[in-house]
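One structure is given here, and the rest of the page talks about it.
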Amino acid sequence: MTFKTLHQKCACLADKVKNCVRQPYCPKQIAPLSDSCRSGRIKICKVTGDRKLCARMASLGVYPGEEVELICPENGSQCLLKLQGATLSLDSNTTKNILVTKA
Amino acid sequence: MNQNIRMALVGNPNAGKTTLFNTLTGARQHVGNYPGITVDYKEGDFTHKNQGNIQEDNQRITLTDLPGTYSLTAYSVEEVVTREYLVNAKPQVVINIVDASNLERNLYLSTQFLELGCPLIIALNMVDVAKDRGIEIKVEKLAELLGVPVAPIIARSGQGASALIDQAIMLAEKPWQPRDISYGEDLDAAIMELITIISENNFLTHTYPARFTAIKYLEHDDQILQKGQEDDSATAARLEEKVTQVSDHLLKTMDAYPEAIIADHRYGFIKSILRQGVQTHTFDTDRLYTSDKIDKVLTNRLLGPAIMLLVLFGLYQFTFTASELPVAWLESLFGLIGDQAKSLLPDGPVKSMIVSGVINGMGGVLGFVPLIMFMFLGIAVLEDSGYLARVAFMMDRIFRIFGLHGSSVMPFIVSGGIAGGCAVPGVMATRTLRSPKERMATLLTVPFMNCGAKVPVIALLIGAFFSDHKAIYMFLFTMLSWMVALLAAKLLRTTVLRGPATPFVMELPPYRFPTLRGLAIHTWERTWQYIKKAGTVILGISILLWAMMTYPGLPAAKMAGFEQQRRAAISPFASEIVSESQSEKEEVSESARTLRRQLAAINDQESEQALRSSIAGRIGIALEPVSRLAGFDWRTNIALVGGLAAKEVIISTLGTAYSMGKVEADASDSLGQRLTRDPNWNKVVAVSALIFIMFYAPCFVTVVCIAREAGHWGWALFSISFNTTFAFLLAAAVYQIGRLLG
């Protein structure tokens with residue numbers, strides 16, 4: 001095995017490890033909150049789904065135009081949002097109905 | 001003294017209502033740093049020295065602490081309880097606690113109180129926290145723009161509470177006066193039309209202001225819609241028709257439901273007030289506070305669960321290490337009391353009842369008090385610091401697979417998830433669950449955990465039959481209890497408790513340092529509940545079990561027969577040998593030892609016969625044809641029936657049933673050896689018995705708690721029958737398969 005082949009194999013393995021560990025790139029576009037994969041500031045564009053859910057979210061402060069901080073992105077079940085000084089935990093049924101974009 | 005004034009405390013969850021309630025009334029209500037602690041309202045009275053007047057005057061006040069809510073629309077039980085209390089009880093003053101560090105969201109609820117028209121005063125709580133976060137609030141300006149008095153307070157220290165009550169008293173005579181908030185041209189026009197219909201027909205006007213009803217119709221409030229149907233179905237139909245037209249129009253033109261537009265305008269109203277110089281930020285509003293930074297680590301997808309396991313293991317270690325000595329002291333104390341009673345009381349049934357029934361029975365339960373107390377202290381620390389809410393957040397993912405909720409995790413742990421808990425506080429801990437079906441599934445499966453009373457039995461049987469791999473078997477049986485509990489929950493949630501999963505939407509409280517006073521109150525309240533409930537019930541059960549295992553006793557003829565045997569055994573020995581064998585000396589001659597052995601064998605036979613003819617013995621024998629399927633003989637049955645009262649009883653009853661006399665839980669070797677020698681016991685029977693003991697009907701105290709928490713004895717009976725059937729089928733399957741495999 002030449003040094004070049006070894007180097008290529010190692011680089012390939014490193015890429016595979018990186019792809020397993022690192023989170024995918026999130027483009028700046030409107031997408032459900034459940035698809036947001038990185039912490040940081042986001043802006044709520046729309047709350048869809050059941051009308052009760054929209055109203056409930058509004059009473060909690062999650063309504064269109066509001067900027068919030070995504071503290072813990074969803075990893076299968078829950079995500080943590082910080083808004084107006086409070087920390088909210090939302091489950092996937094809720095987050096897939098909240099459309100957000102990068103702030 | 002003036003006439004009593006009725007005041008109500010309202011606000012968002014975790015805004016500090018119960019803390020202020022305790023400060024004002026001197027009550028000891030439980031305040032946890034966990035949302036949903038208050039789900040019902042509580043009342044307290046106090047006398048306030050009015051310092052606002054020149055002439056000092058004492059004012060009697062009745063204060064009601066209402067559940068925390070985010071709105072007055074009926075989305076949850078708390079919202080319904082709060083709204084119905086306000087409109088039915090019509091308190092003279094409503095104190096709205098608002099978190100100053102989270103003003104905008106908290107004022108959302110305040111706008112709805114303004115619309116309801118109740119005499120409102122805003123208690124601006126946690127002004128110190130807001131100041132630390134660089135938030136400055138101009139109180140006078142806020143009061144002026146909202147049109148209601150505002151009093152800054154710090155509920156934890158009681159600062160400003162007296163001034164708040166001074167101002168609140170002045171509002172007591174004020175009539176209810178609803179305020180109008182504009183919701184835009186479209187909705188305002190629709191509201192006016194709805195108000196006209198409502199006023200013309202006096203529709204629900206005896207309970208709610210006309211505008212409030214109109215808004216709730218637009219918000220599609222289920223409870224008000226139902227009330228409307230019941231009150232006047234014709235008018236309700238007209239209103240619903242009008243609302244449908246408006247909703248359709250808004251959906252077409254604005255792609256939004258009326259409630260979304262209403263919420264948007266409410267926030268607009270709040271923002272317009274706050275931006276008039278009411279709230280200024282010294283720091284950058286985007287900055288993350290310590291609490292958020294801690295959350296980034298503690299709820300991290302990899303680090304979070306690892307830290308959680310460490311914390312829970314730490315809690316387990318702390319509970320058992322700290323309680324080791326006090327538990328030993330209490331055991332010695334009860335031993336001493338038992339010895340004293342033995343020496344002081346004359347022989348007879350009363351002595352037997354007091355020593356075996358009362359002291360041993362009560363001692364078995366009260367001996368656990370230090371352990372329970374330290375466990376509650378540990379849980380109080382986790383709860384008050386805010387970490388418990390994060391544990392629920394992380395566990396929700398796993399529990400959801402089995403139809404449970406993230407909040408189910410604590411009841412499981414408390415019940416013995418980390419072996420050694422107790423199902424009684426575990427069952428009580430299910431109160432934090434909102435969904436009745438998820439709560440019921442949790443309530444019925446937490447008794448599957450290995451509680452502190454089951455652990456000695458498991459240790460005894462593992463020690464006797466699997467002594468080479470004790471630790472592995474102990475670990476396996478703990479894992480088995482988790483697996484069975486979660487699978488049983490899944491079974492319940494897909495059959496009798498079928499229903500949708502509740503969204504796990506929860507406001508996580510910020511991390512706070514628990515106060516010593518708070519920890520002491522929480523720990524003592526819960527421990528006292530345990531002493532009171534478990535103590536009284538166990539006392540009754542101990543006496544009952546003692547009676548069942550003692551009466552009706554041996555027939556006189558049989559007793560005479562045993563007496564004759566004893567005399568026959570003694571007759572070949574000289575009187576010195578007989579008195580030597582009856583002495584308390586350990587070192588005796590060979591002949592005395594032989595006599596002792598012979599007499600002990602006769603006594604054992606007599607005890608066994610007495611037990612066979614007792615009520616408990618007869619029950620054991622009657623159950624034998626069925627229990628044989630799982631490998632249990634009549635003596636094991638007595639112990640298992642005794643375990644229905646309290647699992648602690650199993651070991652001592654097994655000891656008695658196998659004619660061992662008094663057997664201490666710690667001295668398990670002798671009973672273990674006896675069991676290994678018994679022809680009815682082998683490894684397969686041991687596994688079958690272990691499985692049955694782990695999963696059969698919960699103890700009596702737990703059953704009472706299940707009935708109380710479920711609000712129905714039917715669920716308690718279901719728990720007994722479901723668990724026992726399930727455990728028996730499993731145990732019988734293990735025994736039969738084990739026997740076939742040899």
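Out of segment B:226-245, which residues are buried (at least 18 other Cβ atoms within 10 Å of the Cβ) and within 13 Å of chain A (Cβ to nearest Cβ)?
The answer is B:Val243, and nothing else.
Criterion first (within 21 Å of B:Thr536 (Cβ to Cβ) and outside any helix (DSSP H, G or I)) does B:Ala707 satisfy it?
no
Checking B:Gly228 against (1) closer than 23 Å to B:Gly117 by Cβ; (2) touching a residue at least 40 places away in the same chain (Cβ under 8 Å); (3) not hydroxyl-bearing (Ser, Thr, Tyr): exactly one of these is not met. Which one?
Failed condition: (2).
Please verify whether B:Asn202 is within 14 Å of chain A (Cβ to nearest Cβ), out of contact with any Pro (no Cβ under 7 Å at 6 or more places or on another chain) and over 30 Å from B:Lys49 (Cβ atoms), treating the condition exactly as stated.
Considered against the rule, which asks whether it is within 14 Å of chain A (Cβ to nearest Cβ), out of contact with any Pro (no Cβ under 7 Å at 6 or more places or on another chain) and over 30 Å from B:Lys49 (Cβ atoms), B:Asn202 comes out as no.
Conditions tested, residue by residue: (1) surrounded by fewer than 18 Cβ atoms within 10 Å (Cβ to Cβ); (2) within 14 Å of another protein chain (Cβ to nearest Cβ); (3) within 20 Å of B:Lys17 (Cα to Cα).
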{"position": "B:Lys90", "(1), (2), (3)": "yes, no, yes"}
{"position": "B:Ile95", "(1), (2), (3)": "no, no, yes"}
{"position": "B:Asp99", "(1), (2), (3)": "no, yes, yes"}
{"position": "B:Leu103", "(1), (2), (3)": "no, yes, yes"}
{"position": "B:Leu120", "(1), (2), (3)": "no, no, yes"}
{"position": "B:Asp132", "(1), (2), (3)": "yes, yes, no"}
{"position": "B:Trp176", "(1), (2), (3)": "yes, no, no"}
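Would you call B:Val81 modelled with pLDDT under 90, touching a Pro at 6+ places or on another chain (Cβ under 7 Å) and β-branched (Val, Ile, Thr)?
So B:Val81 fits the description; yes.
Among the residues of segment B:364-402, which ones are within 14 Å of chain A (Cβ to nearest Cβ) and not in a helix (DSSP H, G or I)?
B:Gly386, B:Phe402
Pairs, please: C-beta under 7 Å, at least 6 apart or cross-chain, first residue under 13 Å from B:Ala100 (Cα atoms) and in segment B:11-31, second at pLDDT below 80 and buried (at least 18 other Cβ atoms within 10 Å of the Cβ)?
Partner pairs satisfying both residue conditions: B:Asn14/B:Pro35.
Of everything in segment B:370-398, what is under 23 Å from B:Leu476 (Cα atoms) and touching a residue at least 12 places away in the same chain (Cβ under 8 Å)? Give them in sequence order.
If the condition is that a residue be under 23 Å from B:Leu476 (Cα atoms) and touching a residue at least 12 places away in the same chain (Cβ under 8 Å), then B:Met395 is the only one that fits.
Among the residues of segment A:93-103, write down those that are of a type in the set (S, T, N, Q) and either more than 9 Å from chain B (Cβ to nearest Cβ) or at positive phi (or both).
A:Thr95, A:Asn97, A:Thr101
Are there any pairs, at least 6 apart or on different chains, whose C-beta atoms fall under 8 Å, with the first in segment A:34-61 and more than 10 Å from chain B (Cβ to nearest Cβ) and the second surrounded by 17 or more Cβ atoms within 10 Å (Cβ to Cβ) and among the hydroxyl-bearing types (Ser, Thr, Tyr), and if so, which?
The qualifying pairs are A:Ser34/A:Ser92; A:Ser34/A:Thr95; A:Ile42/A:Ser36; A:Ile44/A:Tyr63.
From the list B:Ala441, B:Ala488, pick out the single residue that is in a helix (DSSP H, G or I), in contact (Cβ under 8 Å) with a residue 24 or more places away in the chain, of a type in the set (Gly, Ala, Ser) and within 21 Å of B:Met394 (Cα to Cα).
Only one candidate qualifies: B:Ala441.
Only one of B:Leu194, B:Leu171, B:Leu146 is surrounded by 17 or more Cβ atoms within 10 Å (Cβ to Cβ), in contact with a Leu (Cβ under 7 Å, 6 or more places away or on another chain) and not polar (S, T, N, Q); which?
B:Leu194
The rows are residues; the columns are (1) touching a Gly at 6+ places or on another chain (Cβ under 7 Å); (2) more than 14 Å from chain A (Cβ to nearest Cβ).
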| site | (1), (2) |
| --- | --- |
| B:Met506 | no, no |
| B:Leu516 | no, yes |
| B:Leu539 | yes, yes |
| B:Leu544 | no, yes |
| B:Thr550 | no, yes |
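Filter segment B:172-199 for residues that are over 19 Å from B:Leu146 (Cα atoms) and touching a Pro at 6+ places or on another chain (Cβ under 7 Å) and give the result.
Of everything in segment B:172-199, just one residue is over 19 Å from B:Leu146 (Cα atoms) and touching a Pro at 6+ places or on another chain (Cβ under 7 Å), namely B:Leu187.
Would you please list the contacts, defined by Cβ atoms under 9 Å and residues six or more apart or on different chains, that run from a residue in segment B:209-220 that is within 12 Å of chain A (Cβ to nearest Cβ) and within 14 Å of B:Glu241 (Cβ to Cβ) to a residue that is in a helix (DSSP H, G or I) and among the basic types (Lys, Arg)?
B:His220/A:Arg51; B:His220/A:Lys52
Would a scan of segment B:256-267 turn up a residue that is within 26 Å of B:Leu109 (Cβ to Cβ), in contact with a His (Cβ under 7 Å, 6 or more places away or on another chain) and either within 10 Å of chain A (Cβ to nearest Cβ) or of a type in the set (Gly, Ala, Ser) (or both)?
yes
Every residue in segment B:724-742 that is surrounded by 20 or more Cβ atoms within 10 Å (Cβ to Cβ) and under 15 Å from B:Ala485 (Cα atoms), please.
B:Ala727, the sole residue that qualifies.
Do we have B:Ser110 as among the hydroxyl-bearing types (Ser, Thr, Tyr), within 35 Å of the chain's Cα centre (by Cα) and assigned to a loop (DSSP other than H, G, I, E, B) here?
So B:Ser110 does not fit the description; no.
Check segment B:516-536 and report whether any residue there is within 19 Å of B:Gly643 (Cα to Cα) and either modelled with pLDDT of 85 or more or of a type in the set (A, V, I, L, M) (or both).
Checked segment B:516-536: at least one residue is within 19 Å of B:Gly643 (Cα to Cα) and either modelled with pLDDT of 85 or more or of a type in the set (A, V, I, L, M) (or both).
Looking at B:Thr280, is it on the phi < 0 side of the Ramachandran plot and outside any helix (DSSP H, G or I)?
yes
For every residue, the table says whether it meets (1) hydrophobic (A, V, I, L, M, F, W, C); (2) under 30 Å from B:Ala74 (Cα atoms); (3) assigned by TED's automatic domain parsing to the domain that holds B:Leu24; (4) at pLDDT below 95.
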site: B:Val94; (1), (2), (3), (4): yes, yes, yes, no
site: B:Ile97; (1), (2), (3), (4): yes, yes, yes, no
site: B:Ile121; (1), (2), (3), (4): yes, yes, yes, no
site: B:Arg133; (1), (2), (3), (4): no, no, yes, yes
site: B:Gly147; (1), (2), (3), (4): no, yes, yes, yes
site: B:Gly158; (1), (2), (3), (4): no, no, yes, yes
site: B:Ala161; (1), (2), (3), (4): yes, no, yes, yes
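If A:Gln78 meets every condition in (1) at pLDDT 85 or above; (2) facing chain B (nearest Cβ under 7 Å); (3) farther than 15 Å from B:Asn106 by Cβ apart from one, which number is that one?
It is condition (1) that A:Gln78 fails.
Kindly indicate whether B:Ala214 is within 38 Å of the chain's Cα centre (by Cα) and either surrounded by 19 or more Cβ atoms within 10 Å (Cβ to Cβ) or charged (D, E, K, R) (or both).
So B:Ala214 fails the test.
The values are calculated or read from the model by the stated rules, or taken from the named source; none is laboratory data. Not measured: the values here are computed from a predicted model. So basically every Cβ, Gly included, is an ideal-geometry build from the backbone, and we count neighbours across all protein chains shown.
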